[in-house]
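Here is the structure we will look at.
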Amino acid sequence: MEYNYTDTTADWNGPDHENIEFDQIVKKDMYGKERTWNVTSYASKGHINPKLPNAARLRIVGDEKGQYLQIENISLYDAGLYRCDIMMNDSLIFEFFIVQIKQLIELDITYKPYGTIKEGQALKMCCHSNSTVSNQTLRWFNEQRGLKEPHKSSEACLFFKNVSRNDSGIYTCIAECNGQMGTKEITLSISYSPDVTFVNENYTETDKYRSIQCNANGFPMNYTYKQWEHKSFFDKHIRYLDGNATGYLNLPTQESPFRYQDSGVYECSVSNGVPDKSGRLFQTNRVYIISEGKDMLPK
């Protein structure tokens, strides 16, 4: 770090490392977020503060035209706010520098139980940092849940007592330490058995083409449909019908006078491989169809 000046007095302040004496400076970080920085004396009149734990790695180099604070073997320990104090023409001038050490915070996200996450089960999801510094903070962010309070630790966990489909989404772990920020994302996908709904309408004997659409809404979205079952309004079995692979059923073609016989209850059963809370693999719903026409039974 360098600051050019035309006088001979320049002092340096840098990140405080648990020294007894320090100043607090409120200044925005590189992300535009206002924060409080603890700084302590690094150099005065060209001499490094011998009380600093990292004093052996610091040097003041330069001449009357410019002065450098040189840091050897820079690490996460050196990240933070630096201030150069310049005395010029009886006026004190401050120049600020933020040192950000990139790619030193590595994050890992784990969750238990491992494997497919099903609705209703308990879930523990944790973010781990490889950094061992004592003043780092970890927090979780999710669009629905907002920003969680930071934990001054190398691990931060989220606990779900009964995870639901509404908990699905992107979760971001944020680590901050001495001006450095690291992030890692995980997409939480909750598996749940499908809800079954219908798109249909009632028909008359003049409607030649009649159909019912069975819609499944679950995750994962790979569905298997059973044969449709046609029942009477008294719940008596009439026939089985084959729909297509997307839940679409075309009612068989009939002569106009006999189309009233298509009236009744139609049941659609679908599965995505995820059982419901009762253990049922296939979810079933029914729709009532009325096909109006003349009764053609013999007298």
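None of the figures in this text is laboratory data; all of them are computed from the coordinates on show. Quick caveat: nothing in here was measured; it's all calculated off a predicted structure. No Cβ is skipped: glycine too gets one built from the backbone with ideal geometry, and neighbour counts run over all protein chains shown.
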message = Given 25 °C and 0.890 mPa s, compute D for the chain with the Stokes-Einstein relation, Rh being the Kirkwood radius over Cα pairs; round to the nearest whole µm²/s.
response = 96 µm²/s
ask   = What stretch of the chain, leaving out the sites themselves, is the longest with no chymotrypsin sites (Phe, Trp or Tyr not before Pro) in a DSSP loop having at most 15 other Cβ atoms within 10 Å?
value = 115-208
inquiry  = How compact is segment 107-188 by the rule of thumb for globular proteins, expressed as Cα Rg over 2.2 N^0.38 Å?
reply    = 1.10
Within a Gaussian network of the chain (alpha carbon springs, distance under 10 Å), most fluctuating of Ile105, Ile117, Ile86 = Ile86
ask   = In sequence order, what are the phi-derived ³J(HN,Hα) couplings for segment 217-224 according to the Karplus relation 6.51 cos²θ - 1.76 cosθ + 1.60 with θ = phi - 60°, rounded to whole Hz, with x for glycine and proline?
value = 10, x, 9, x, 9, 10, 10, 10
query = For the chain, with only Lys/Arg (+1) and Asp/Glu (-1) charged at the beta-carbon, what is the dipole magnitude about the Cα centre, in debye rounded to 20?
reply = 1360 debye
query = Magnitude of the Cβ-charge dipole of segment 107-188, K/R +1 and D/E -1, about the Cα centre, nearest 20 debye?
reply = 240 debye
remark   = Violations at 22 Å Cα threshold for listed pairs Lys124/Lys148; Lys27/Lys184; Lys112/Lys148; Lys118/Lys161; Lys161/Lys226; Lys33/Lys112 -> Lys27/Lys184; Lys161/Lys226; Lys33/Lys112
query = Top mean-square fluctuation among Gly264, Gly182, Gly115, Gaussian network model of the chain, C-alpha springs under 10 Å?
reply = Gly115
note = Most exposed to least, judged by fewest other Cβ atoms within 10 Å, Met30, Met125 sort to Met30, Met125
